[in-house]
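The values are calculated or read from the model by the stated rules, or taken from the named source; none is laboratory data. Fair warning: this is a prediction, and the values are worked out from it, not measured in the lab. When we count neighbours, we look across all protein chains shown, and the Cβ atoms used for this are built from the backbone with ideal geometry, even at glycine. Just the protein is used for accessible areas: all its heavy atoms, side chains included, with ligands, DNA and RNA removed. Shrake-Rupley method; radii C 1.70, N 1.55, O 1.52, S 1.80 Å.
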Amino acid sequence: MPEILIGEYLFLRLKQLGIETVFGVPGDFELALLDLIEPLGLSWVGAPNELIGAYAADGYARLNGLGALVTTFGPGELSALCGIGGSYCESVPVLHIVGYPTIPAQKSGKILHHTLGDGKFDHYQRISSELCCATTVLDDPTTAAAEIDSVVNAMIFHSKPGYIGISEDIAYAKVSSEYLGTKLARCLPPSAPESEAAVTTEIVSQLELAKSPILIVDGGAARASWAEHVDPLIQALKIPFLVTGLGKGVADEMSPYYQGCYAGEGSWPRSVTGLVQEADCILWLGNYPSDFNTGIFTEKLDQCTIIDLQRFFVNIGATKYDARINHVLPKLISALSSHYPLAQRTKQNPQVDQQLSLPASNKIEQDWLWSRLTSYLRPGDLVITETGTAQVGTTATRFPSGCHGWTQSVYGSIGYAAGAAAGAAIAAKETGKYKRLVLVTGEGSLQLTVQAFSMLTRYGIVSVVFALNNSGYTIERYFRGWDAKYNDIPMWDYAALFKAFAPDVEPRVKGYKVTTAEELDELLSDGEFCDSVVPQCVDMIMDPKDAPEAMRAVFEEKNAM
């Protein structure tokens, strides 16, 4: 069998698994490795910094199923770790490839740049081991292929980031290409058939007995692996369903069974809270009971009613089954479709009502804004929402059929959405599935990673950015007082940002500044704005003390406790 470079082997493995684009920032210890990417048919997308590159790889992986990031040893890889931490927390498989000094250089005993000056080269790998399911630093060509496959397999199995350190000399050492003949599976292998059958039978039995069953679509358990089964499950169940903040963007919210977003006392609409509390059977997909996902732990549920489906197990009451959500759901759909009494359910549930009339104050009020965005969004939109006010507010925005999106609901790193949007949009271009990127972010978060705008313009992404300009960090004001100076931020001209980051883009990018609800309503109704094929940024001036109803409800509940 012919031999190939170990660096080529690594990138060909990624290509076999469906990765078409690799993100990162060039650095001296990785340059020889980067020279291999494009000749192998992969695309390289350079990020303005490693943090944005990590966010972009995360966004790409959430759509594609897997992502990859390349940084240099030391400062480069450490700069990316905040993004890798978010991927670990929310089960997003991103492979972090780090270019290392050569093996002779590491053994020389000399102090090298990018080290901590103590002659040791394992500090950074040990740090990354806390944020990855598997790590390795390749130092032996004879075992390199097996080590690469081991990390990648672990990453796919656990749906968590992996880490591979590779130096120039190892990258250009050779290995037999025959190893590529052993294919790596992109999906989680099935559990024992008898266990999956037992779970399916028990769930159907529970649904037969239930008087008021509901379905909750959450975002845990690596939702990309089972998202395709959600809408068929809803059609088979014919029962009311809700999403959580972390689960929003998976299910078809135009379904007659859709009831809203559940987050304890922060649910939208408020009637959702009672619906969940009165349910006698809750089929919960990927339950992730974090503080922001539960309205800061304001949910009041009978745990005995919950059937909890996770990546590696299913809990039904006090019984834990070794069964996996992505394999159980297709079997459950089939069982429900052939079960005569359950398949004949015809109960229609009331549609979620939203008010679209302009607010009397003519201000861009939070609750009006999120309802208004419902009629602006279109099928084929990809909606990425930033942590904070936007994240809470969009629970009241009803996504049209064929619209997809998410927010980083658990890890909650402000600034994540801009970088993730760039990576996600590149993945969307590769699949051709989503046509328009809609980024909803706060102006404070945007100031952390605004350089991502240059990625949006450089790679021809049709994007619309809505910047909530309310003079600082609103959600933090709820936590610790309205007048705290640390919640203030410098004022920027957000409408002009795309022009600053894309001076040579033709046709020209566009920016808008709106100060009233009437102005925003006219803009969102304007055909030229809605059909634009150039990046646009909308600077929305809002009341610093206004907040979405869901946010107000949560803090009122917490203050009363």
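Numbers at a glance
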read-out: Single residue of 225, 191 found to be touching a residue at least 40 places away in the same chain (Cβ under 8 Å) and either over 23 Å from residue 288 (Cβ atoms) or surrounded by fewer than 21 Cβ atoms within 10 Å (Cβ to Cβ) (or both); value: 191
read-out: Single residue of 170, 97, 156 found to be assigned to a helix (DSSP H, G or I), touching a Ser or Thr at 6+ places or on another chain (Cβ under 9 Å) and open to solvent by less than 20 Å² (accessible area, probe 1.4 Å); value: 170
read-out: Hey, residue 180 open to solvent by 60 Å² or more (accessible area, probe 1.4 Å), among the hydrophobic types (A, V, I, L, M, F, W, C) and more than 27 Å from the chain's Cα centre (by Cα) or not; value: no
read-out: Matching residues, segment 235-270, being surrounded by fewer than 21 Cβ atoms within 10 Å (Cβ to Cβ) and closer than 19 Å to residue 375 by Cβ; value: 252, 254, 255, 256, 269
read-out: Qualifying position, being among the β-branched types (Val, Ile, Thr) and farther than 16 Å from residue 407 by Cα, among 294, 305, 244; value: 305
read-out: Residues satisfying the stated conditions in segment 295-337, i.e. β-branched (Val, Ile, Thr) and open to solvent by less than 10 Å² (accessible area, probe 1.4 Å); value: 298, 307, 314, 325, 328
read-out: Sole residue being of a type in the set (D, E, K, R) and more than 25 Å from residue 218 (Cα to Cα), chosen from 90, 50; value: 50
read-out: Identity of the residue in segment 1-33, among the acidic types (Asp, Glu) and in contact with a Leu (Cβ under 9 Å, 6 or more places away or on another chain), that ends up farthest from residue 43 (Cα to Cα); value: 8
read-out: For residue 203: the one exception among (1) touching a residue at least 12 places away in the same chain (Cβ under 8 Å); (2) under 30 Å from residue 302 (Cβ atoms); (3) open to solvent by 10 Å² or more (accessible area, probe 1.4 Å); (4) assigned to a helix (DSSP H, G or I); value: (3)
read-out: Tally, over segment 105-148, of residues that are open to solvent by less than 50 Å² (accessible area, probe 1.4 Å) and either in contact with a Gly (Cβ under 8 Å, 6 or more places away or on another chain) or in a loop (DSSP other than H, G, I, E, B) (or both); value: 15
read-out: Extreme residue, modelled with the highest pLDDT, among residues of segment 525-543 that are under 20 Å from residue 396 (Cβ atoms) and surrounded by fewer than 18 Cβ atoms within 10 Å (Cβ to Cβ); value: 525
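Residues are listed down the side, and each one gets a yes or a no for (1) among the polar types (S, T, N, Q); (2) modelled with pLDDT of 85 or more:
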| residue | (1), (2) |
| --- | --- |
| 278 | no, yes |
| 295 | no, no |
| 304 | no, no |
| 318 | no, yes |
| 321 | no, yes |
| 340 | no, no |
| 343 | no, no |
| 353 | no, no |
| 361 | yes, yes |
